[in-house]
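This report concerns only the one structure given below.
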Amino acid sequence: MSDNIDNLIPDPMVAREFNVSLMTLWRWDRDEAKAALGWPAKVKIGARNFRHRSRLEAFKSNLLQRALAARDQVTA
């Protein structure tokens, strides 16, 4: 498999990864604050929703950076 191919992750796996429900993912799809952090848009294939792995990783990185910045403001 080529390194430049981005994997599609089904929403049930995404929900387990973030320890949230599928309903939460639905809410995040409509949340402008999450979109500003890079929450990836769903890719609908048939009746199932998927997310790009690279965009999920970017979203997690943005969440981490925001948390670290907030921590630094509290400790400063």
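The values are calculated or read from the model by the stated rules, or taken from the named source; none is laboratory data. The shown structure was predicted, so the numbers you read here are calculated from the model rather than taken from an experiment. Note that each Cβ is placed from the backbone with ideal geometry, even for glycine, and that neighbours are counted across all protein chains shown. Side chains are part of the model used for accessible areas, which takes the heavy atoms of the whole protein and leaves out ligands, DNA and RNA. Shrake-Rupley method; radii C 1.70, N 1.55, O 1.52, S 1.80 Å.
Condition check ((1) at negative phi; (2) modelled with pLDDT of 95 or more) across all residues:
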residue: Asp3; (1), (2): yes, no
residue: Asn19; (1), (2): no, yes
residue: Arg27; (1), (2): yes, yes
residue: Arg30; (1), (2): yes, yes
residue: Arg71; (1), (2): yes, no
Would you check which residues across the stretch 15-26 are more than 15 Å from Leu63 (Cβ to Cβ) and open to solvent by 70 Å² or more (accessible area, probe 1.4 Å) and list them?
Arg16, Leu22, Met23, Trp26
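In the stretch 1-53, what residues are of a type in the set (A, V, I, L, M, F, W, C), touching a residue at least 40 places away in the same chain (Cβ under 8 Å) and not in a strand (DSSP E or B)?
If we filter the stretch 1-53 for residues that are of a type in the set (A, V, I, L, M, F, W, C), which is where we start, we get 1, 5, 8-9, 13-15, 18, 20, 22-23, 25-26, 28, 33, 35-37, 39, 41, 43, 45, 47, 50.
Of the ones still in play, those that are also touching a residue at least 40 places away in the same chain (Cβ under 8 Å) are 8-9, 14, 50.
Residue satisfying the conditions is Val14 alone.
Listed here are the residues, each with its yes/no results for (1) exposed (fewer than 15 other Cβ atoms within 10 Å of the Cβ); (2) within 12 Å of the chain's Cα centre (by Cα); (3) acidic (Asp, Glu); (4) closer than 29 Å to Ala69 by Cα.
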{"residue": "Met13", "(1), (2), (3), (4)": "yes, yes, no, yes"}
{"residue": "Trp28", "(1), (2), (3), (4)": "no, yes, no, yes"}
{"residue": "Ala36", "(1), (2), (3), (4)": "yes, yes, no, yes"}
{"residue": "Trp39", "(1), (2), (3), (4)": "no, yes, no, yes"}
{"residue": "Ala47", "(1), (2), (3), (4)": "yes, no, no, no"}
{"residue": "Arg51", "(1), (2), (3), (4)": "no, yes, no, yes"}
